[in-house]
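Below is one structure; the comments refer to it alone.
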Amino acid sequence: MKAPNDQRTGLLYGFASYGMWGIVPLFWPLLQPAGAVEILAHRMVWSLAVVGVALLALRHWGWVSELLRHPRKLALTGVAAALVTVNWGVYIWAVNNGAVVEASLGYFINPLVTIAIGVLVLGERLRRTQWAAVGIAVAAVLVLAVGYGRPPWISLVLAFSFALYGLIKKQLGMGGLESLAAETVIMFLPALGYLLWLGSRGESTFTAQGPAHAVLLASAGLVTAIPLICFGAAAIRVPLSTLGLLQYMAPVFQFGLGVLYFHEAMPPARWAGFSLVWVALSILTWDALRTARRSRAQRLEGLEGLPAPLQAPLATPARETA
């Protein structure tokens, strides 16, 4: 069981990461005319530069030898790197091709996928209301498939790739900075090779569009690294189901930007599908709050039944978490 202070720190990291992800659709269009693959390659290269500077400043390298001594951890890190690469690439393409709303749907669905993975892989148990929420989400995807005339592939790829990424981060148990450094090392050489190849063909926009464009492409490292470091730090401190609840923040911001700022179309079928997703998330939120109140009441009842000398030391941490 995590200490109360550790869980509180994890929640703060979670709020920071999802808040930053919520407004990131404003950034990717600034990098055009670079294509999605070129932007993705720059994300990989410059993210390693950012985390490398951070590790040099902290002089924190002991984790490298430990990772290399554990082939299973190294393999899982490679899988995490592949999953986050898919997630990054699909999201950049979606934002720069007028699909911010569909991309936001992926992150609305993601908490439900995360909870389902917690059940199937980690053996977490769901209550009836949680099962009902998952069922409503499945119905929402079917409604949206009819509305789009196809399954919402962008949404599904984003939801499943990031849910699996979160699962692997939890199993690795590495700090946010360390895990991101390991992932970007794995991605660095293919990304750099692609950028060099693009430059040799005269198709790179890094130097062709002026210094301001080059700086923006380089800043993709900061935009990528900071929220991912926060997410990695949250994933090892709070339960997977809690991460599912925190994930509401990012898609709410993204959906608002897609409709109000990018003026994407929302025909009735899409409103119906999104409404079902929001109903499912509302049920999950209500159930989580009810369960938290019930657990708190049970803890207090248990304290009342303890002998007086034992009540004070046990009650102190409960007050700290309020």
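The values are calculated or read from the model by the stated rules, or taken from the named source; none is laboratory data. This structure is a prediction, so every number in the text was calculated from the model and none was measured. Neighbour counts are summed over all protein chains in view; Cβ atoms, including those assigned to glycine, are modelled from backbone coordinates with ideal geometry. These accessible areas exclude ligands, DNA and RNA; they are computed on the full protein's heavy atoms, side chains included. Shrake-Rupley method; radii C 1.70, N 1.55, O 1.52, S 1.80 Å.
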_Please report the projected area of the stretch 115-249's Cα convex hull averaged over all directions, in nm²._
11.3
*Using a 1.4 Å probe on the protein chains only, how many percent of the accessible area of the chain belongs to carbon and sulfur?*
70
_Contour excess over end-to-end distance, with Cα ends at Asn97 and Leu126 and 0.36 nm allotted per residue_ = 6.7 nm
*asked:* At 1.4 Å probe size, what's the solvent-accessible area of Trp197? Round to the nearest 10 Å².
replied: 120
*Which of the DSSP-defined H helices in the chain satisfy a minimum axial length of 15 Å, computed from C-alpha atoms, and a minimum mean Kyte-Doolittle hydropathy of 0.5?*
36-58, 71-96, 100-120, 128-148, 153-172, 176-200, 211-235
_Charge tally in the Cβ shell below 12 Å around Leu76, where Lys, Arg are +1 and Asp, Glu are -1, Leu76 excluded_ = +3
*If ligands, DNA and RNA are left out, what is the accessible area of Met249 with a 1.4 Å probe, given in Å² to the nearest 10?*
50
*Report the label-to-label distance for Ser219 and Leu74 in nanometres (one decimal), using points 7 Å from each Cα along the Cα→Cβ vector.*
3.8
*For the chain, modelled as a Gaussian network with Cα springs under 10 Å, which listed residue fluctuates most, Leu222, Leu126, Leu245?*
Leu126
*Subtracting the Cα-Cα distance from 0.36 nm times the residue separation, let me have the gained length for Ala82 to Gln171 in nm, one decimal.*
30.4 nm
_Estimated FRET transfer efficiency (Ala139, Asn5; beta-carbon r; R0 56 Å; 0.05)_ = 0.90
*How much net charge surrounds Ala49 when only the other residues with a Cβ under 15 Å from the Cβ of Ala49 are counted, with Lys and Arg +1 and Asp and Glu -1?*
0
*How much net charge surrounds Gly147 when only the other residues with a Cβ under 14 Å from the Cβ of Gly147 are counted, with Lys and Arg +1 and Asp and Glu -1?*
0
*At a 1.4 Å probe radius, which order do Glu38, Glu124, Glu203 fall into by accessible area, largest first?*
Glu203, Glu124, Glu38
*Take the Cα coordinates of the stretch 176-219, assign each an equal point scatterer, and use the Debye formula without solvent to give log10 I(q)/I(0) at q = 0.13, 0.20 Å⁻¹.*
-0.39, -0.75
*For the chain, Kirkwood radius (reciprocal of mean inverse C-alpha pair distance, Å)*: 21.2
_What distance in nm separates the two pseudo spin-label positions at Ala49 and Leu189, each 7 Å out from Cα along the beta-carbon direction?_
2.1
*Which order do Ser275, Ser155, Ser200 take when ranked by solvent-accessible area (1.4 Å probe, heavy atoms of all protein chains), largest first?*
Ser200, Ser275, Ser155
